[in-house]
Protein chains: 2
Amino acid sequence: MADPNDPYLIISSDCHAGLPTEEYRPYLDSRFHRAFDEFLAGREARREAMTRLGVRNEAFANKWFSDNEEGLRGGWDAGQRLKELDGDGVAAEVVFPDADAVDSQTAAPFGVGLGLSGDQDPELGMAGAQAHNRWLAEFVGQNPERHCGVALLPITAEPAKVVAEIHRAKESGLGALMIPSMWVDKEPYHDRRYDPVWAAAAETGMPLVTHSGAAPREEYGDHLGIYVSEVTWWPARPLWFLLWSGVFERHPGLRFGVAESGCWWLPNLLWFMDRLYLGAHGGKKLSPFAELRRPPSEYLDRQVFICATNTKRRELAQRYEIGVDNILWGSDFPHPEGTWPTTRAWLRNTFHDIPVAETRRMLGLAAAEVFGFDVQKLDPIARRIGPTPADLGQPADQAAVEASWARSREVGRHWLTDHDFPALGVN
Amino acid sequence: MADPNDPYLIISSDCHAGLPTEEYRPYLDSRFHRAFDEFLAGREARREAMTRLGVRNEAFANKWFSDNEEGLRGGWDAGQRLKELDGDGVAAEVVFPDADAVDSQTAAPFGVGLGLSGDQDPELGMAGAQAHNRWLAEFVGQNPERHCGVALLPITAEPAKVVAEIHRAKESGLGALMIPSMWVDKEPYHDRRYDPVWAAAAETGMPLVTHSGAAPREEYGDHLGIYVSEVTWWPARPLWFLLWSGVFERHPGLRFGVAESGCWWLPNLLWFMDRLYLGAHGGKKLSPFAELRRPPSEYLDRQVFICATNTKRRELAQRYEIGVDNILWGSDFPHPEGTWPTTRAWLRNTFHDIPVAETRRMLGLAAAEVFGFDVQKLDPIARRIGPTPADLGQPADQAAVEASWARSREVGRHWLTDHDFPALGVN
């Protein structure tokens with residue numbers, strides 16, 4: 001797309017799809033059908049618990065489902081889904097599990113969707129994941145150029161089985177792997193037992209992603225604010241376990257991402273980790289970090305990405321610290337926390353004074369590279385449905401916009417550019 | 001101090017003192033002497049483990065002890081301590097446990113110093129804490145106007161005993177309470193079992209503080225970077241457990257602080273929590289936060305403080321989001337991560353372009369209010385030893401300095417002041 005006024009090629013790096021739970025039965029190995037019946041029988045109790053804990057708001061739920069009945073079927077109906085993506089101007093998407101984030105009516109078997117965690121029974125966990133992965137491959141296979149399906153990978157199971165599932169998922173047409181945010185009582189991600197898994201992910205070109213959802217709920221009681229305040233920390237946590245234990249050094253082809261946890265936490269983390277590696281005063285009594293051969297931010301730029309979902313203005317102001325190419329926007333369709341069905345208005349509110357060239361990267365082109373979308377194939381779709389820079393309120397003459405961010409761009413990661421302070425936002 | 005060129009009254013909100021471990025014996029109830037012998041017998045093995053994990057660097061340790069032999073005795077020798085404080089220009093200090101952060105030769109009995117955690121045996125934990133608290137009361141009692149002793153409070157023990165220890169510590173002359181960062185398998189801090197403890201802390205005017213140190217080390221292997229990357233998160237964590245469960249609402253006289261974890265994480269947290277409480281889009285499906293009656297930042301300004309220790313330039317750039325009065329500087333004497341014995345140079349490097357009035361708050365006056373120091377009594381000491389604004393490189397005419405920060409100050413907490421982006425640093 002050579003013309004600066006061309007429509008945007010938008011790729012949502014964070015969307016969700018899942019069957020109404022009971023319909024997973026044909027995709028589940030039959031020896032697990034009895035356990036599946038027990039899982040289904042517990043649904044009402046789980047929903048009541050969600051309501052009691054405040055995660056489910058009865059009045060909100062009723063309005064959400066009545067207002068969006070037709071569109072929500074896009075959670076598992078491919079035709080409806082394309083209508084919804086088109087309506088939002090989204091040409092392609094990365095598809096995580098669990099379409100229904102209000103009533104959990106589309107939970108993957110045995111809770112291995114967004115709740116994927118090290119506390120699941122390994123055998124049931126793999127069975128549930130495979131059921132979802134089989135269905136998802138069929139689902140995204142109907143329009144493969146527009147979807148990158150994320151396979152569920154219960155990575156704490158037996159390594160050979162985990163590696164086999166990576167290859168099976170890849171061959172079935174899926175394009176990425178979701179691993180648990182929490183290993184609970186299993187081996188943490190620095191453990192060498194996972195090396196064959198990292199190698200297989202790199203070999204198949206399947207990015208590994210954590211997604212917010214799992215957290216130590218048993219510690220929170222019914223205090224929902226505690227959960228929300230730290231549920232973005234747990235999926236980010238594997239990043240520094242992988243980084244400091246040298247996984248990115250040993251597996252330079254591995255790509256790792258954190259989804260739906262925002263990206264506001266990253267600049268401080270990078271500042272902290274780079275300085276530690278580069279010999280900051282506070283780390284002088286410690287032994288050197290032998291597993292790394294370069295500062296953490298270099299691994300980040302080479303191998304890490306953030307599916308930042310409904311990106312906030314505060315986060316965009318920090319993009320020169322985070323790295324523009326490390327921020328992948330997402331709509332979170334069809335979750336109510338996301339921008340659907342009013343994505344165009346959200347984008348205008350958020351990006352109106354962000355340079356067009358950077359907006360193109362964050363809204364789609366960076367995600368295309370990470371997840372392997374074919375931009376040539378998506379181009380006609382984007383031309384048909386994508387909003388233009390003018391639609392986002394971005395001026396045709398970009399000189400003033402570029403100038404307003406010049407200081408922030410120049411300062412960048414101030415700890416690496418000899419600037420004293422961060423410079424965020426426009427001048 | 002009316003004259004703008006007066007020396008600074010500096011109060012370090014984070015210092016450390018502790019006896020050489022074996023000398024705690026007379027302060028420990030005799031029925032624990034046998035257990036204490038076993039604890040002492042394990043010292044060498046613990047030190048070897050620290051070296052193996054990279055937390056202890058043999059070459060650094062040798063140089064540190066030979067370069068600073070005399071000054072390090074100030075960790076438990078009151079006369080030497082005053083010399084070191086004077087040398088650094090520090091008029092008063094808040095005294096946490098464990099003087100030796102290199103070889104752990106001054107660890108409080110049973111590891112209840114900086115390692116205070118919910119995994120300790122409740123009886124041994126309280127015994128070790130009381131031994132340290134008894135010694136510390138004697139120690140700070142030699143120059144009470146210059147020291148606020150922090151009592152160790154193994155809060156997960158039986159509540160009546162915990163409350164009794166608060167009153168005993170207060171009567172003995174101690175001024176604050178250190179609680180574990182981690183409850184491990186004990187009740188989290190939202191549990192109502194702690195209400196009598198919060199009430200007693202408020203009643204006695206003893207601020208509660210967590211301090212960095214404890215972390216789930218068993219998850220890190222020998223990957224030191226993982227530990228360092230998250231050891232500041234664990235002591236901050238109780239803040240949102242207390243806040244969202246309404247502890248600050250039920251106990252408006254309680255003061256809570258986080259020590260030696262920096263303050264760089266706070267602006268993002270406040271932004272996130274305030275918006276959640278004020279009805280941000282992402283929280284609309286959740287039930288309201290009934291335990292709170294005001295936004296999180298209001299509780300913060302009323303009841304929370306950060307002992308930010310060796311404050312970084314990046315953190316100072318964020319002080320209008322954090323709250324100038326919420327940032328308490330500290331030297332960390334006599335730890336090598338801190339600014340001792342070259343605090344004056346550190347202060348000049350860090351504060352040279354920060355307005356004098358704000359520097360006075362962060363370097364001492366805010367800490368005086370939180371910890372109840374008598375500034376009248378400290379005034380002559382400050383006049384004798386304190387660096388002047390000129391010593392810190394701060395210009396006598398403050399107009400240009402004030403103007404350079406005007407935009408950042410005006411924007412403040414941008415989510416509350418109708419500004420779109422944060423504005424950090426000078427213009």
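The values are calculated or read from the model by the stated rules, or taken from the named source; none is laboratory data. Note that the structure is a prediction, hence the values are computed from the model and not measured. Please note: Cβ atoms are built from the backbone with ideal geometry, for glycine as well, and neighbour counts cover all protein chains shown.
Of A:ARG250, A:ARG168, A:ARG192, which residue is surrounded by fewer than 22 Cβ atoms within 10 Å (Cβ to Cβ) and either under 22 Å from B:TRP240 (Cα atoms) or touching a residue at least 40 places away in the same chain (Cβ under 8 Å) (or both)?
A:ARG250
As an exercise: evaluate B:PHE32 against (1) within 14 Å of another protein chain (Cβ to nearest Cβ); (2) modelled with pLDDT of 95 or more and give the number of the one condition it does not meet.
(1)
Go through B:PRO267, B:PRO188, B:PRO235 for me and flag whichever is more than 12 Å from chain A (Cβ to nearest Cβ) and either in a loop (DSSP other than H, G, I, E, B) or of a type outside the set (Phe, Trp, Tyr) (or both).
Numbers: B:PRO267 fails: more than 12 Å from chain A (Cβ to nearest Cβ); B:PRO188 fails: more than 12 Å from chain A (Cβ to nearest Cβ).
Of the residues listed, the single one that is more than 12 Å from chain A (Cβ to nearest Cβ) and either in a loop (DSSP other than H, G, I, E, B) or of a type outside the set (Phe, Trp, Tyr) (or both) is B:PRO235.
So is B:ALA290 among the aliphatic types (A, V, I, L, M) and more than 25 Å from A:CYS263 (Cα to Cα) or not?
Working: among the aliphatic types (A, V, I, L, M): yes; more than 25 Å from A:CYS263 (Cα to Cα): yes.
The answer is yes for B:ALA290.
For B:PHE289, all conditions in the list (1) of a type in the set (Phe, Trp, Tyr); (2) at the interface with chain A (Cβ under 9 Å from one of its Cβ atoms); (3) not in a loop (DSSP other than H, G, I, E, B) hold save one; what is the number of the exception?
So the condition that B:PHE289 fails would be (3).
Any residue that is aliphatic (A, V, I, L, M) and modelled with pLDDT under 95 - is there at least one of those in segment B:125-143? Outline the logic, then answer.
Our first condition is that a residue be aliphatic (A, V, I, L, M); within segment B:125-143, this holds for B:126-127, B:129, B:131, B:136-137, B:140.
Filter once more, keeping what is modelled with pLDDT under 95: none.
The answer is no; no qualifying residue exists.
Looking at segment B:163-180 only, could you name the residues that are among the aliphatic types (A, V, I, L, M), part of a helix (DSSP H, G or I) and within 11 Å of B:ALA129 (Cα to Cα)?
Taking segment B:163-180 and keeping what is among the aliphatic types (A, V, I, L, M), we get B:163-164, B:166, B:169, B:174, B:176-179.
This time we only want the ones that are part of a helix (DSSP H, G or I), so: B:163-164, B:166, B:169.
Hit for segment B:163-180 is B:ALA169, nothing else.
With respect to B:GLU358, determine if the residue is surrounded by fewer than 19 Cβ atoms within 10 Å (Cβ to Cβ), at pLDDT 95 or above and assigned to a helix (DSSP H, G or I).
So B:GLU358 does not fit the description; no.
Scan segment A:377-395 for residues that are within 19 Å of A:GLY89 (Cβ to Cβ) and out of contact with any helix residue (DSSP H, G or I) (no Cβ under 6 Å at 6 or more places or on another chain) and jot them down.
To start, the set of residues in segment A:377-395 that are within 19 Å of A:GLY89 (Cβ to Cβ) comprises A:377-394.
Residues satisfying the conditions are A:LEU378, A:ASP379, A:PRO380, A:ILE381, A:ALA382, A:ARG383, A:ARG384, A:GLY386, A:THR388, A:ALA390, A:ASP391.
Is it the case that segment B:325-344 has a residue that's of a type in the set (A, V, I, L, M) and either surrounded by fewer than 23 Cβ atoms within 10 Å (Cβ to Cβ) or out of contact with any helix residue (DSSP H, G or I) (no Cβ under 6 Å at 6 or more places or on another chain) (or both)?
Just the residues of segment B:325-344 that are of a type in the set (A, V, I, L, M), to begin with: B:327-328.
Of the ones still in play, those that are also either surrounded by fewer than 23 Cβ atoms within 10 Å (Cβ to Cβ) or out of contact with any helix residue (DSSP H, G or I) (no Cβ under 6 Å at 6 or more places or on another chain) (or both) are none.
Checked segment B:325-344: no residue is of a type in the set (A, V, I, L, M) and either surrounded by fewer than 23 Cβ atoms within 10 Å (Cβ to Cβ) or out of contact with any helix residue (DSSP H, G or I) (no Cβ under 6 Å at 6 or more places or on another chain) (or both).
What are the residues in segment A:107-117 that are touching a strand residue (DSSP E or B) at 6+ places or on another chain (Cβ under 9 Å) and surrounded by fewer than 24 Cβ atoms within 10 Å (Cβ to Cβ), if any?
As a first pass, look at segment A:107-117 and keep what is touching a strand residue (DSSP E or B) at 6+ places or on another chain (Cβ under 9 Å): A:108, A:112-117.
Correct list: A:GLY115, A:SER117.
Identify, from the list A:TYR299, A:TYR320, the residue that is closer than 30 Å to B:MET50 by Cβ, modelled with pLDDT of 95 or more and aromatic (Phe, Trp, Tyr).
A:TYR299
Please find, within segment B:59-88, the residue that is nearest to the other protein chains (Cβ to nearest Cβ) out of those that are among the acidic types (Asp, Glu) and over 16 Å from B:ASN143 (Cβ atoms).
Restricting attention to segment B:59-88, the residues satisfying the condition of being among the acidic types (Asp, Glu) are B:67, B:69-70, B:77, B:84, B:86, B:88.
Restricting the remaining residues to those that are over 16 Å from B:ASN143 (Cβ atoms) gives B:67, B:69-70.
On the way: B:ASP67: 13, B:GLU69: 17, B:GLU70: 19 Å.
Per the criteria, the residue is B:ASP67.
Just to be sure I understand the filter: pairs with C-beta atoms under 7 Å, separated by 6 or more residues or on different chains, first member in segment A:128-153 and surrounded by 24 or more Cβ atoms within 10 Å (Cβ to Cβ), second member β-branched (Val, Ile, Thr) and in a helix (DSSP H, G or I). Which pairs pass?
A:HIS147/A:VAL140; A:GLY149/A:VAL140; A:LEU153/A:VAL162; A:LEU153/A:ILE166
Tally up the residues in segment B:119-178 that are touching a strand residue (DSSP E or B) at 6+ places or on another chain (Cβ under 6 Å) and among the polar types (S, T, N, Q), please.
1
Criterion first (out of contact with any strand residue (DSSP E or B) (no Cβ under 8 Å at 6 or more places or on another chain) and within 22 Å of A:GLY74 (Cα to Cα)) does A:PRO355 satisfy it?
Numbers: out of contact with any strand residue (DSSP E or B) (no Cβ under 8 Å at 6 or more places or on another chain): yes; within 22 Å of A:GLY74 (Cα to Cα): no.
Against the criterion (out of contact with any strand residue (DSSP E or B) (no Cβ under 8 Å at 6 or more places or on another chain) and within 22 Å of A:GLY74 (Cα to Cα)), A:PRO355 does not qualify.
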